[in-house]
């Protein structure tokens, strides 16, 4: 739900503030989202927000773990780390120190479909951020002395997040059991043995192929104008040469799933058992018209917080679960996943929790949802937008994530009305079509002595 | 077990007939296996067998489904079909008609690691076979008119073998759940939607890359001499230009498995439920010294026919199964699979069969096997060799399969003594190390109404 709430934020902002399509009304030029492309192919989106003297500078690369070559898992995330090392112009860590000195914030993240870098600073520092970011797009120093220690850092990161976390181990294998052909089945951080083998040649090949202006989207949100962003971007990013032309991002597709699958981890470190069940289904990029919107609302009604059906039934009424929920990863370049999860409470078993969650899904698939329920879910979405609207970073995130997963600014603009248009029947239909018990993948995280479901 | 029995055949032949390493004894030159390489890189193995005027001509390409690019599954097998079409010198089907006219037999097969073509004919036809086979190595006509109808044939083949066979559907998904990173998880025939998309460009690229003398092994067994094979091969295959140099066949490796996984198919077409359980483990090519040999004998003792522990316990004594067995796919370029299977009888449930099979494994892992049992298993292997020894085709198969999966002629020669050297302790150790219940993948094929285990 997190991604959805964030996505909603930008849309609210865009419609409430800019309202560019209202007839007879001039859009406030200072608040309208604009988009342009530099000669070297860099796509730039500017989201003016003059409420505070802050600017968010986010550079998104259209490359994520699902673009990695087989056997090279982890290289996209590895690269995110390497980008904080030195360039031919700046010492390692200098960029980060500079951001800290001026009281800014920065971070980076890698996902299946994108890798992004951002800084939040005062507007006068924007040019400096651009200069540093443009510099490390092409001038990174990739010696063995840089790469080997960072590989150790990543192996430790994997150790603490996965090897030492039963939930992390289970999650990876549930995911790999869900995606049997598509690279979303490979963990973003990479398989341990493949991270260990990543080397300088891999890093250089990856950098030269994917880190180029024509494979990136720059999103600048905050107290700036499009004109200023364009001028500064031309002076900085504009100096970087276009990289190789890249083929369309076509990944292997999943075959049809015919079976019900389970993945179980009994581990002495588990004190409270937990359960999850996942399905592969369309994303905004791959779904038929209205499907992803209906799935967004289905996840909200089924398991989105304390007003959801699952929470009311399992936590409040039956008292058999301490937590339950549903999650739909709506923004993805390819078919994505929908997941439900729960944790039993008191004397309840994991099998009871699973059965009760299955019953809630079956009830929606058979009887659908009421008009009131649907209207309330749409309203809760709107409320989450209002919260997200206050976050410049959240807005920039939505534009970046959408534009690197097959969407357009037009899609973001139209999204609220598409959500409004979802009918109760559509929602029942997607539940019936996609949340099929006999074609699911369930994961069980259990203490060592727990009887297996 | 089939592959093992066949493998044993050649070894017996090689040791019993040629006995090349016995001191003070001259090997019969006419019966010694010889190996040589043509200037264009074609590796040739000749296995003389003068008992009958027959010759088996087998051409093995070092390419199988596990060498396919992601998203292009099925191209290796598709190509096996295309090789029976026309060349620039011969009409479609002409080669096959010629084999039939002279009373010969022919066939072809595709596996994960190799694709092979063979004819069994009288010795005077050997040169003709070589000429045809060399011709289609490079002169195949790959037009859309050839490719499109053959793709339909393969889609139909997949339909009848997989889509209309619940056991086929389940098998594919068990396999993909077992191999989460390595291409052995992709079916040899290919995923339906990927076969549908295979096209002329894919076929040409595959042909040019893999169908070349330096990527093939020719095995000729039968009533011939090495000299004659060399002369004929030079006149036919020798005319084919060397293809591109190919990199080592390095496929992504499996990550460590931490979970217990199940895959269940409830299908109205199933009348008798059945069960299988699989593990990834070392092959002859990847195992430490003696491991694969111990696993071969373990599969024999646990589930190799009516003298095995599983058969005695579940079928004879307890009467709960109509069939049980174990299978170890020992010849594979990469880590391979070990599998047990069973089908309940009478009122027995699938859960009882699984539990009883698990108990047999646990018994070996805890207590090991007796010296008598081990000696008897080795003896049964020897007996299966004697049967296989009579098959020229079986012998040629062993040499081809071994040489295309990382083995050598020396490996084949030494294999019987390596089997003899396996100790009861080694066998218990591999059972304990690899057949771990909490790191297995179980498949359940059930009627539609069957309660799920």
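Numbers at a glance
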quantity	calculated
Ascending list, in nanometres, of distances separating the residue B:227 label from those of the other copies (7 Å, Cα toward Cβ)	9.4
Solution diffusion estimate, µm²/s, Stokes-Einstein, the range A:175-324, Kirkwood Rh from C-alpha pairs, 4 °C, viscosity 1.567 mPa s	62
The protein assembly as shown, Cα convex hull volume normalised per residue, Å³	197
Per-residue Cβ neighbour rank within 10 angstrom, fewest leading, A:99, A:219	A:99, A:219
Inter-chain shielding of A:245-257 (mean C-beta neighbours from other protein chains, 10 Å cut-off)	3
Calculated Rg and Dmax of the range B:26-105 using C-alpha coordinates, Å	17.2, 53
Across the identical copies, how the residue A:208 labels are spaced - nm, sorted shortest first, 7 Å along Cα→Cβ	2.2
Two-site label geometry, residue A:425 and residue B:448: point separation in nm, points 7 Å out along Cα→Cβ	2.7
Volume per residue of the C-alpha convex hull in the range B:286-393, rounded to whole Å³	131
Approximate spin-label separation residue A:52-residue B:39, in nm, with each point projected 7 Å along Cα-to-Cβ	7.8
Mean separation of Cα contacts under 8 Å, 6 or more apart, over the residue count of the range A:2-239: relative contact order %	34
Potential extension, residue B:272-residue B:307 segment - 0.36 nm per residue separation minus Cα distance	10.2 nm
Residues A:341, B:117 arranged by fewest to most Cβ contacts within 10 Å	A:341, B:117
Using alpha carbons only: equivalent-ellipsoid semi-axes of chain A, gyration tensor based, whole Å	38, 29, 19
Helix A:424-434 axis, angle to chain A major axis (alpha carbon atoms, nearest 10°)	90
Rounded tilt (10° steps) of A:350-367 against the dominant C-alpha axis of chain A	90
In Å, descending, principal axis extents of the Cα set of the range B:261-446	50, 35, 33
Ranked list, fewest to most other Cβ atoms within 10 Å of each Cβ, for A:34, A:274	A:34, A:274
Sequence-separation-based contact order of the range B:261-446, relative, with Cα cut under 8 Å and 6+ spacing, percent	37
Segment residue A:256-residue A:318, extension gain: residue separation times 0.36 nm, minus the distance between their alpha carbons	18.8 nm
Copy-to-copy label separations for residue A:193, where each label sits 7 Å from Cα toward Cβ, in nm and ascending	2.9
Spin-label pair residue B:160/residue A:199, simplified geometry with 7 Å Cα→Cβ offset, distance in nm	4.9
Principal axes of the range A:192-271: Cα extent on each, largest first, Å	57, 36, 33
Folded to 0 to 90 degrees: helix B:2-13 orientation relative to chain B principal axis, Cα	60
Computed FRET value (nearest 0.05) for residue A:241 with residue A:124, which takes r as the C-beta separation and R₀ as 25 Å	0.35
Chain B, relative contact order in percent, only Cα pairs under 8 angstrom and at least six apart counted	25
Chain A, helix-only ellipticity at 222 nm - DSSP H runs n ≥ 4, -39,500 (n - 2.57), divided by all residues, nearest 500	-12500 deg cm²/dmol
Radius, Kirkwood style, for the range A:2-239 when every pair of distinct Cα atoms is counted (Å)	19.3
Length released on extending from residue B:411 to residue B:96, taking residue separation times 0.36 nm less the Cα-Cα span	110.0 nm
Mean-position separation - Cα centroids, the range A:218-240 and the range B:232-273, in angstrom	50
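Every number in this text was worked out from the coordinates using simple rules, so none of it is lab data. A quick note: this is a predicted structure, and the numbers were derived from the prediction, not measured. Every residue, glycine as well, gets a Cβ built from its backbone with ideal geometry; the counts of neighbours run over all protein chains shown.
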